[in-house]
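S.K.: Before I ask anything, here is the structure I am working with.
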Amino acid sequence: MTAQVDTGLLSDLQRFGAADVSACFSCGTCTATCPLVTDDATFPRRMIRYAQVGLRDKLLSSKELWTCYACSECSETCPTQAEPSEFMAAARRYAIANYDRTGLARTMYTRPFVGTFIAVALAAFFALFMYAGHGPQSVGSLNIFGFIPEELIHNLGIGVMVLVFLAGLAGVATMAHGLGRAGGITWRSVAGGRPALRRSLGALWGALAVESLGQRRYRADCDTDAARLPWFRRRWFLHAGTMWGFLGLLAATILDYGLAVVGIKATGTPVPIWYPVRLLGTVSGLLLVYGASMLILQRFRAAERSVRHSTAADWTFLALVWITGVTGFAIEIALYLPSAPAWGYWLFLFHVAVAMELVLLAPFMKFAHAVYRPVALFFLALAQVRPGESSGAADA
(Lines give C-alpha, C1' and ligand atoms only; values in the text may rest on other atoms or scores of the structure.)
Protein backbone atom coordinates (compact mmCIF):
# COMPACT_ATOMS: atom_id res chain seq x y z
CA MET A 1 0.00 0.00 0.00
CA THR A 2 1.34 3.41 -0.96
CA ALA A 3 2.08 5.73 1.96
CA GLN A 4 0.19 9.01 1.93
CA VAL A 5 2.20 12.22 2.22
CA ASP A 6 1.07 15.00 4.56
CA THR A 7 2.72 18.18 3.30
CA GLY A 8 1.74 20.07 6.46
CA LEU A 9 3.22 17.55 8.89
CA LEU A 10 6.41 19.45 9.69
CA SER A 11 4.63 22.74 10.30
CA ASP A 12 2.04 20.96 12.45
CA LEU A 13 4.80 19.40 14.55
CA GLN A 14 6.27 22.84 15.11
CA ARG A 15 3.01 23.85 16.78
CA PHE A 16 3.75 21.14 19.33
CA GLY A 17 7.19 22.59 20.07
CA ALA A 18 9.42 20.95 17.46
CA ALA A 19 12.47 22.84 16.26
CA ASP A 20 12.90 23.60 12.58
CA VAL A 21 14.48 20.31 11.55
CA SER A 22 14.80 21.44 7.94
CA ALA A 23 18.44 22.11 8.92
CA CYS A 24 18.92 18.34 9.32
CA PHE A 25 20.75 16.83 6.32
CA SER A 26 20.56 13.24 7.64
CA CYS A 27 24.23 12.95 8.57
CA GLY A 28 23.44 10.25 11.15
CA THR A 29 25.32 11.80 14.06
CA CYS A 30 22.23 11.63 16.30
CA THR A 31 21.77 7.95 15.50
CA ALA A 32 25.43 7.20 16.16
CA THR A 33 25.23 9.04 19.50
CA CYS A 34 21.97 7.62 20.86
CA PRO A 35 22.63 4.80 23.36
CA LEU A 36 19.26 3.18 22.62
CA VAL A 37 19.76 2.64 18.89
CA THR A 38 19.72 -0.92 17.58
CA ASP A 39 19.84 -2.40 14.09
CA ASP A 40 16.03 -2.20 13.97
CA ALA A 41 15.67 1.19 15.66
CA THR A 42 17.63 3.90 13.86
CA PHE A 43 16.31 7.03 15.51
CA PRO A 44 15.95 9.95 15.85
CA ARG A 45 17.17 10.35 12.25
CA ARG A 46 14.40 8.15 10.88
CA MET A 47 11.74 10.07 12.82
CA ILE A 48 13.05 13.39 11.51
CA ARG A 49 13.07 12.03 7.98
CA TYR A 50 9.44 10.94 8.31
CA ALA A 51 8.54 14.51 9.31
CA GLN A 52 10.54 16.09 6.50
CA VAL A 53 8.86 14.05 3.78
CA GLY A 54 5.38 14.10 5.38
CA LEU A 55 5.01 10.42 6.34
CA ARG A 56 2.55 11.03 9.14
CA ASP A 57 1.33 7.44 9.52
CA LYS A 58 4.90 6.14 9.61
CA LEU A 59 5.75 8.59 12.37
CA LEU A 60 2.70 7.75 14.48
CA SER A 61 3.25 3.99 14.13
CA SER A 62 6.92 4.13 15.17
CA LYS A 63 7.67 2.25 18.40
CA GLU A 64 11.01 4.05 18.65
CA LEU A 65 9.24 7.36 19.20
CA TRP A 66 8.44 6.20 22.75
CA THR A 67 11.74 4.56 23.65
CA CYS A 68 13.50 7.95 23.74
CA TYR A 69 14.15 9.27 27.29
CA ALA A 70 15.20 12.78 26.21
CA CYS A 71 18.79 12.56 27.43
CA SER A 72 19.62 15.23 24.79
CA GLU A 73 22.90 13.61 23.76
CA CYS A 74 21.76 13.82 20.14
CA SER A 75 21.09 17.55 20.41
CA GLU A 76 24.46 18.14 22.07
CA THR A 77 26.29 16.54 19.15
CA CYS A 78 24.10 17.72 16.23
CA PRO A 79 26.39 19.66 13.84
CA THR A 80 23.51 21.80 12.49
CA GLN A 81 21.77 22.39 15.86
CA ALA A 82 18.56 20.85 14.53
CA GLU A 83 17.60 19.87 18.13
CA PRO A 84 16.60 16.22 17.46
CA SER A 85 15.80 15.63 21.14
CA GLU A 86 13.38 18.54 21.16
CA PHE A 87 11.84 17.20 17.95
CA MET A 88 11.30 13.76 19.52
CA ALA A 89 9.53 15.32 22.53
CA ALA A 90 7.28 17.36 20.23
CA ALA A 91 6.55 14.30 18.10
CA ARG A 92 5.37 12.43 21.21
CA ARG A 93 3.04 15.32 22.06
CA TYR A 94 1.80 15.20 18.47
CA ALA A 95 1.21 11.45 18.79
CA ILE A 96 -0.75 11.88 22.05
CA ALA A 97 -2.95 14.47 20.32
CA ASN A 98 -3.56 12.15 17.37
CA TYR A 99 -4.37 9.11 19.52
CA ASP A 100 -6.90 11.25 21.41
CA ARG A 101 -10.26 11.46 19.62
CA THR A 102 -11.68 14.29 21.73
CA GLY A 103 -9.29 17.00 20.53
CA LEU A 104 -8.56 18.02 24.12
CA ALA A 105 -4.91 16.96 23.99
CA ARG A 106 -4.29 19.04 20.87
CA THR A 107 -5.88 22.05 22.55
CA MET A 108 -3.82 21.62 25.71
CA TYR A 109 -0.57 21.45 23.71
CA THR A 110 -1.13 23.96 20.93
CA ARG A 111 -3.38 26.60 22.52
CA PRO A 112 -1.83 27.37 25.92
CA PHE A 113 -4.26 30.13 26.94
CA VAL A 114 -7.29 28.00 26.12
CA GLY A 115 -5.67 24.99 27.80
CA THR A 116 -5.01 26.98 30.97
CA PHE A 117 -8.59 28.24 30.97
CA ILE A 118 -9.87 24.66 30.63
CA ALA A 119 -7.71 23.55 33.57
CA VAL A 120 -8.97 26.39 35.80
CA ALA A 121 -12.58 25.87 34.69
CA LEU A 122 -12.44 22.14 35.45
CA ALA A 123 -11.10 22.73 38.95
CA ALA A 124 -13.80 25.34 39.57
CA PHE A 125 -16.50 23.00 38.28
CA PHE A 126 -15.45 20.13 40.56
CA ALA A 127 -15.18 22.46 43.56
CA LEU A 128 -18.59 24.07 42.98
CA PHE A 129 -20.23 20.71 42.27
CA MET A 130 -19.03 19.26 45.56
CA TYR A 131 -19.68 22.46 47.50
CA ALA A 132 -23.30 22.33 46.38
CA GLY A 133 -23.73 19.20 48.49
CA HIS A 134 -21.64 20.24 51.50
CA GLY A 135 -22.72 19.67 55.07
CA PRO A 136 -21.91 21.47 58.34
CA GLN A 137 -18.36 22.14 59.58
CA SER A 138 -17.72 20.27 62.81
CA VAL A 139 -16.20 22.21 65.69
CA GLY A 140 -14.43 19.29 67.35
CA SER A 141 -12.30 16.93 65.25
CA LEU A 142 -11.97 17.59 61.53
CA ASN A 143 -14.89 15.74 59.91
CA ILE A 144 -14.02 16.24 56.24
CA PHE A 145 -16.46 13.62 54.98
CA GLY A 146 -19.23 15.27 56.95
CA PHE A 147 -18.45 18.54 55.17
CA ILE A 148 -18.21 16.94 51.71
CA PRO A 149 -20.09 13.61 51.82
CA GLU A 150 -17.98 10.55 51.07
CA GLU A 151 -20.70 9.19 48.77
CA LEU A 152 -20.60 12.35 46.65
CA ILE A 153 -16.82 12.14 46.25
CA HIS A 154 -17.00 8.42 45.54
CA ASN A 155 -19.67 8.75 42.85
CA LEU A 156 -17.92 11.70 41.23
CA GLY A 157 -14.63 9.79 41.33
CA ILE A 158 -16.23 6.77 39.66
CA GLY A 159 -17.58 9.00 36.90
CA VAL A 160 -14.15 10.59 36.36
CA MET A 161 -12.43 7.20 36.29
CA VAL A 162 -14.91 5.87 33.71
CA LEU A 163 -14.26 8.85 31.44
CA VAL A 164 -10.48 8.46 31.85
CA PHE A 165 -10.66 4.73 31.19
CA LEU A 166 -12.71 5.19 28.02
CA ALA A 167 -10.45 7.98 26.73
CA GLY A 168 -7.32 5.99 27.54
CA LEU A 169 -8.70 2.79 26.03
CA ALA A 170 -9.59 4.57 22.79
CA GLY A 171 -6.11 6.08 22.57
CA VAL A 172 -4.34 2.80 23.31
CA ALA A 173 -6.51 0.96 20.77
CA THR A 174 -5.64 3.52 18.10
CA MET A 175 -1.96 3.32 18.95
CA ALA A 176 -1.85 -0.49 19.16
CA HIS A 177 -3.62 -0.84 15.81
CA GLY A 178 -1.02 1.36 14.12
CA LEU A 179 1.95 -0.32 15.81
CA GLY A 180 0.65 -3.80 15.09
CA ARG A 181 -0.03 -3.05 11.43
CA ALA A 182 3.38 -1.44 10.96
CA GLY A 183 5.18 -4.34 12.64
CA GLY A 184 3.13 -7.15 11.10
CA ILE A 185 1.92 -8.22 14.55
CA THR A 186 -1.52 -9.88 14.63
CA TRP A 187 -3.73 -11.27 17.39
CA ARG A 188 -2.57 -14.73 16.36
CA SER A 189 1.07 -13.84 16.88
CA VAL A 190 0.20 -12.34 20.30
CA ALA A 191 -2.18 -14.94 21.72
CA GLY A 192 -2.41 -17.77 19.18
CA GLY A 193 -1.28 -20.73 21.26
CA ARG A 194 1.06 -21.36 24.17
CA PRO A 195 4.34 -20.30 22.52
CA ALA A 196 2.79 -17.00 21.41
CA LEU A 197 1.31 -16.38 24.86
CA ARG A 198 4.67 -17.15 26.49
CA ARG A 199 6.41 -14.65 24.23
CA SER A 200 3.72 -12.06 24.86
CA LEU A 201 3.88 -12.46 28.63
CA GLY A 202 7.67 -12.10 28.49
CA ALA A 203 7.32 -8.95 26.40
CA LEU A 204 4.67 -7.62 28.80
CA TRP A 205 6.92 -8.25 31.81
CA GLY A 206 9.81 -6.50 30.11
CA ALA A 207 7.68 -3.52 29.09
CA LEU A 208 5.88 -3.00 32.40
CA ALA A 209 8.06 -4.26 35.24
CA VAL A 210 11.60 -4.09 33.87
CA GLU A 211 11.44 -0.93 31.82
CA SER A 212 8.41 1.22 32.70
CA LEU A 213 8.54 0.72 36.48
CA GLY A 214 12.17 -0.35 36.83
CA GLN A 215 13.54 2.24 34.37
CA ARG A 216 16.36 -0.19 33.49
CA ARG A 217 17.54 1.31 30.21
CA TYR A 218 16.97 4.84 31.46
CA ARG A 219 19.33 4.14 34.36
CA ALA A 220 21.83 2.03 32.45
CA ASP A 221 22.08 3.83 29.11
CA CYS A 222 20.55 7.31 29.37
CA ASP A 223 21.69 8.48 32.80
CA THR A 224 23.87 11.36 31.63
CA ASP A 225 23.73 12.91 35.13
CA ALA A 226 25.56 9.99 36.77
CA ALA A 227 29.01 11.58 36.74
CA ARG A 228 28.00 14.85 38.41
CA LEU A 229 24.83 14.32 40.46
CA PRO A 230 23.87 12.01 43.35
CA TRP A 231 21.25 9.38 42.57
CA PHE A 232 18.42 11.29 44.25
CA ARG A 233 18.88 14.25 41.90
CA ARG A 234 19.18 12.37 38.63
CA ARG A 235 16.45 12.75 36.06
CA TRP A 236 15.55 9.06 35.94
CA PHE A 237 14.87 9.01 39.68
CA LEU A 238 12.84 12.24 39.62
CA HIS A 239 10.63 10.94 36.81
CA ALA A 240 10.34 7.47 38.35
CA GLY A 241 9.66 8.87 41.83
CA THR A 242 6.86 11.07 40.52
CA MET A 243 5.30 8.12 38.69
CA TRP A 244 5.76 5.71 41.62
CA GLY A 245 4.29 8.29 43.98
CA PHE A 246 1.23 8.86 41.79
CA LEU A 247 0.58 5.13 41.41
CA GLY A 248 1.23 4.51 45.11
CA LEU A 249 -1.27 7.17 46.16
CA LEU A 250 -3.82 5.72 43.76
CA ALA A 251 -3.26 2.27 45.28
CA ALA A 252 -3.51 3.65 48.84
CA THR A 253 -6.80 5.39 47.98
CA ILE A 254 -8.26 2.20 46.51
CA LEU A 255 -7.08 0.11 49.48
CA ASP A 256 -8.45 2.61 51.98
CA TYR A 257 -11.83 2.49 50.28
CA GLY A 258 -11.68 -1.32 50.19
CA LEU A 259 -11.03 -1.45 53.94
CA ALA A 260 -14.03 0.80 54.50
CA VAL A 261 -16.24 -1.45 52.38
CA VAL A 262 -15.38 -4.55 54.44
CA GLY A 263 -15.81 -2.62 57.68
CA ILE A 264 -12.17 -2.68 58.88
CA LYS A 265 -11.61 1.08 58.85
CA ALA A 266 -13.82 4.05 58.04
CA THR A 267 -12.52 6.26 55.23
CA GLY A 268 -10.72 9.34 56.55
CA THR A 269 -10.30 7.97 60.08
CA PRO A 270 -6.96 8.99 61.67
CA VAL A 271 -4.65 5.99 62.15
CA PRO A 272 -1.01 5.61 63.33
CA ILE A 273 1.78 6.39 60.87
CA TRP A 274 2.79 2.70 60.75
CA TYR A 275 -0.67 1.62 59.58
CA PRO A 276 0.13 -0.11 56.20
CA VAL A 277 -2.22 1.88 53.98
CA ARG A 278 -1.28 5.20 55.60
CA LEU A 279 2.41 4.32 55.39
CA LEU A 280 2.02 3.54 51.69
CA GLY A 281 0.24 6.86 51.17
CA THR A 282 2.85 8.81 53.14
CA VAL A 283 5.84 7.32 51.31
CA SER A 284 4.11 7.71 47.94
CA GLY A 285 3.17 11.30 48.73
CA LEU A 286 6.76 12.13 49.67
CA LEU A 287 8.02 10.65 46.41
CA LEU A 288 5.40 12.55 44.42
CA VAL A 289 6.06 15.93 46.05
CA TYR A 290 9.83 15.52 45.92
CA GLY A 291 9.88 14.43 42.29
CA ALA A 292 7.45 17.13 41.15
CA SER A 293 9.27 19.84 43.14
CA MET A 294 12.64 18.95 41.65
CA LEU A 295 11.23 18.74 38.12
CA ILE A 296 9.63 22.16 38.53
CA LEU A 297 12.92 23.55 39.87
CA GLN A 298 14.80 22.12 36.88
CA ARG A 299 12.42 23.84 34.51
CA PHE A 300 12.71 27.16 36.33
CA ARG A 301 16.48 26.99 36.11
CA ALA A 302 16.43 25.61 32.54
CA ALA A 303 19.87 24.20 33.31
CA GLU A 304 19.24 20.97 31.41
CA ARG A 305 18.85 21.07 27.65
CA SER A 306 15.99 18.61 27.83
CA VAL A 307 13.78 21.06 29.79
CA ARG A 308 14.59 24.33 28.07
CA HIS A 309 11.54 24.08 25.83
CA SER A 310 8.77 23.18 28.30
CA THR A 311 5.22 23.70 27.06
CA ALA A 312 2.37 25.27 29.00
CA ALA A 313 0.77 21.83 29.23
CA ASP A 314 3.92 20.45 30.89
CA TRP A 315 3.82 23.27 33.46
CA THR A 316 0.10 22.71 34.07
CA PHE A 317 0.58 19.00 34.68
CA LEU A 318 3.48 19.51 37.11
CA ALA A 319 1.55 22.23 38.94
CA LEU A 320 -1.48 19.95 39.37
CA VAL A 321 0.73 17.10 40.63
CA TRP A 322 2.54 19.35 43.10
CA ILE A 323 -0.64 21.00 44.41
CA THR A 324 -2.33 17.63 44.88
CA GLY A 325 0.61 16.25 46.85
CA VAL A 326 1.22 19.29 49.06
CA THR A 327 -2.46 19.88 49.90
CA GLY A 328 -2.82 16.18 50.71
CA PHE A 329 -0.05 16.42 53.31
CA ALA A 330 -1.56 19.63 54.72
CA ILE A 331 -4.89 17.85 55.20
CA GLU A 332 -3.13 14.97 56.98
CA ILE A 333 -1.62 17.49 59.39
CA ALA A 334 -5.01 19.14 59.93
CA LEU A 335 -6.59 15.76 60.77
CA TYR A 336 -4.18 15.23 63.67
CA LEU A 337 -4.49 18.71 65.19
CA PRO A 338 -6.29 18.80 68.57
CA SER A 339 -9.06 21.06 67.25
CA ALA A 340 -10.58 21.32 63.79
CA PRO A 341 -9.05 24.21 61.82
CA ALA A 342 -11.57 25.94 59.56
CA TRP A 343 -9.06 26.05 56.72
CA GLY A 344 -8.91 22.23 56.73
CA TYR A 345 -12.39 21.97 55.26
CA TRP A 346 -11.74 24.42 52.44
CA LEU A 347 -8.32 22.93 51.72
CA PHE A 348 -9.93 19.51 51.46
CA LEU A 349 -12.45 20.85 48.95
CA PHE A 350 -9.64 22.41 46.92
CA HIS A 351 -7.50 19.24 47.15
CA VAL A 352 -10.25 16.92 45.92
CA ALA A 353 -11.17 19.28 43.06
CA VAL A 354 -7.56 19.47 41.83
CA ALA A 355 -7.03 15.73 42.27
CA MET A 356 -10.16 14.99 40.22
CA GLU A 357 -8.94 17.36 37.52
CA LEU A 358 -5.47 15.78 37.51
CA VAL A 359 -6.91 12.31 36.97
CA LEU A 360 -9.34 13.53 34.31
CA LEU A 361 -6.63 15.33 32.31
CA ALA A 362 -4.05 12.53 32.69
CA PRO A 363 -4.69 10.93 29.25
CA PHE A 364 -4.34 14.32 27.53
CA MET A 365 -1.09 15.62 29.01
CA LYS A 366 2.38 14.49 30.06
CA PHE A 367 1.17 11.57 32.18
CA ALA A 368 -0.11 9.89 29.01
CA HIS A 369 3.50 8.72 28.60
CA ALA A 370 2.87 6.32 31.48
CA VAL A 371 0.27 4.57 29.29
CA TYR A 372 1.64 4.90 25.76
CA ARG A 373 5.29 4.15 26.51
CA PRO A 374 4.59 0.64 27.96
CA VAL A 375 2.44 -0.17 24.93
CA ALA A 376 5.24 0.81 22.55
CA LEU A 377 7.81 -1.06 24.64
CA PHE A 378 5.59 -4.15 24.56
CA PHE A 379 5.46 -4.12 20.76
CA LEU A 380 9.20 -3.43 20.59
CA ALA A 381 9.98 -6.32 22.93
CA LEU A 382 7.57 -8.59 21.06
CA ALA A 383 9.30 -7.79 17.77
CA GLN A 384 12.67 -8.68 19.30
CA VAL A 385 11.52 -12.13 20.47
CA ARG A 386 11.61 -14.66 17.65
CA PRO A 387 9.53 -17.84 17.79
CA GLY A 388 11.44 -20.46 19.74
CA GLU A 389 13.37 -17.98 21.90
CA SER A 390 12.86 -17.72 25.64
CA SER A 391 10.62 -14.96 26.95
CA GLY A 392 13.54 -13.44 28.83
CA ALA A 393 14.71 -11.93 25.55
CA ALA A 394 11.90 -9.47 25.87
CA ASP A 395 13.82 -7.72 28.63
CA ALA A 396 16.42 -6.54 26.15
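The values are calculated or read from the model by the stated rules, or taken from the named source; none is laboratory data. From a predicted model like this one, the values you see are computed outputs, not experimental measurements. Cβ sites come from the backbone with ideal geometry, for glycine too, and all protein chains shown count toward neighbours.
Condition check ((1) crowded, with 16+ Cβ neighbours inside 10 Å; (2) closer than 28 Å to residue 285 by Cβ; (3) among the acidic types (Asp, Glu)) across all residues:
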{"position": "130", "(1), (2), (3)": "yes, yes, no"}
{"position": "140", "(1), (2), (3)": "no, yes, no"}
{"position": "153", "(1), (2), (3)": "yes, yes, no"}
{"position": "156", "(1), (2), (3)": "yes, yes, no"}
{"position": "175", "(1), (2), (3)": "yes, no, no"}
{"position": "196", "(1), (2), (3)": "yes, no, no"}
{"position": "221", "(1), (2), (3)": "no, no, yes"}
{"position": "232", "(1), (2), (3)": "no, yes, no"}
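S.K.: Follow-up. Just name the residue that is nearest to residue 319 (Cα to Cα) out of those in segment 373-388 that are touching a residue at least 24 places away in the same chain (Cβ under 8 Å) and not in a helix (DSSP H, G or I).
M.R.: Among them, the one singled out is 385.
S.K.: Do the conditions hold for residue 80, that is, is it at pLDDT below 90 and surrounded by fewer than 18 Cβ atoms within 10 Å (Cβ to Cβ)?
M.R.: When the stated conditions are applied, residue 80 passes them.
S.K.: Could you check, for segment 316-330, whether at least one of its residues is at pLDDT 80 or above, surrounded by fewer than 18 Cβ atoms within 10 Å (Cβ to Cβ) and within 30 Å of residue 76 (Cβ to Cβ)?
M.R.: yes
S.K.: Filter the helices (runs of 4 or more DSSP H) completely within segment 62-147 down to those with at least 1 residues that are over 26 Å from residue 238 (Cβ atoms).
M.R.: 84-99, 104-110, 112-131, 144-147
S.K.: List pairs: first residue in segment 99-114 and closer than 18 Å to residue 369 by Cβ, second residue surrounded by 18 or more Cβ atoms within 10 Å (Cβ to Cβ) and of a type in the set (Val, Ile, Thr) anywhere in the structure, Cβ distance under 7 angstrom, at least six positions apart or on different chains.
M.R.: Cβ pairs passing all conditions: 105/96; 109/311.
S.K.: Could you count how many residues in segment 224-268 are at negative phi, free of Cβ contacts under 8 Å to residues at least 24 places away in the same chain and in a loop (DSSP other than H, G, I, E, B)?
M.R.: Summing the residues that are at negative phi, free of Cβ contacts under 8 Å to residues at least 24 places away in the same chain and in a loop (DSSP other than H, G, I, E, B) in segment 224-268 gives 11.
S.K.: In addition: Only one of these is at pLDDT 90 or above, assigned by TED's automatic domain parsing to the domain that holds residue 365 and in contact with a Leu (Cβ under 9 Å, 6 or more places away or on another chain): 171, 178. Name it.
M.R.: On the way: 171 fails: in contact with a Leu (Cβ under 9 Å, 6 or more places away or on another chain).
Every option except 178 fails the conditions.
S.K.: Residue 146: at pLDDT below 90, out of contact with any strand residue (DSSP E or B) (no Cβ under 8 Å at 6 or more places or on another chain) and either farther than 30 Å from residue 14 by Cβ or hydroxyl-bearing (Ser, Thr, Tyr) (or both), yes or no? Give the steps one after another, and end with the answer.
M.R.: On the way: at pLDDT below 90: yes; out of contact with any strand residue (DSSP E or B) (no Cβ under 8 Å at 6 or more places or on another chain): yes; either farther than 30 Å from residue 14 by Cβ or hydroxyl-bearing (Ser, Thr, Tyr) (or both): yes.
Judged against the criteria, residue 146 is a match.
S.K.: Here is a list: 18, 51, 32. Which entry is assigned to a loop (DSSP other than H, G, I, E, B), touching a helix residue (DSSP H, G or I) at 6+ places or on another chain (Cβ under 9 Å), farther than 22 Å from residue 172 by Cα and outside the structural domain of residue 377 (by TED's automatic domain parsing)?
M.R.: 18
S.K.: Let me confirm something: among 152, 163, which residue is in contact with a helix residue (DSSP H, G or I) (Cβ under 9 Å, 6 or more places away or on another chain), assigned by TED's automatic domain parsing to the domain that holds residue 348, in a helix (DSSP H, G or I) and free of Cβ contacts under 8 Å to residues at least 40 places away in the same chain?
M.R.: Exactly one residue qualifies, and that residue is 152.
S.K.: So, of the residues in segment 53-70 that are modelled with pLDDT under 90 and farther than 23 Å from residue 185 by Cβ, which turns out to be surrounded by the fewest Cβ atoms within 10 Å (Cβ to Cβ)?
M.R.: 70
S.K.: Among the residues of segment 343-372, count how many are outside any helix (DSSP H, G or I) and surrounded by fewer than 20 Cβ atoms within 10 Å (Cβ to Cβ). Show your work before the answer.
M.R.: Initially, segment 343-372 is screened for residues outside any helix (DSSP H, G or I), giving 365.
From what is left, the residues that are surrounded by fewer than 20 Cβ atoms within 10 Å (Cβ to Cβ) are none.
So the answer is 0.
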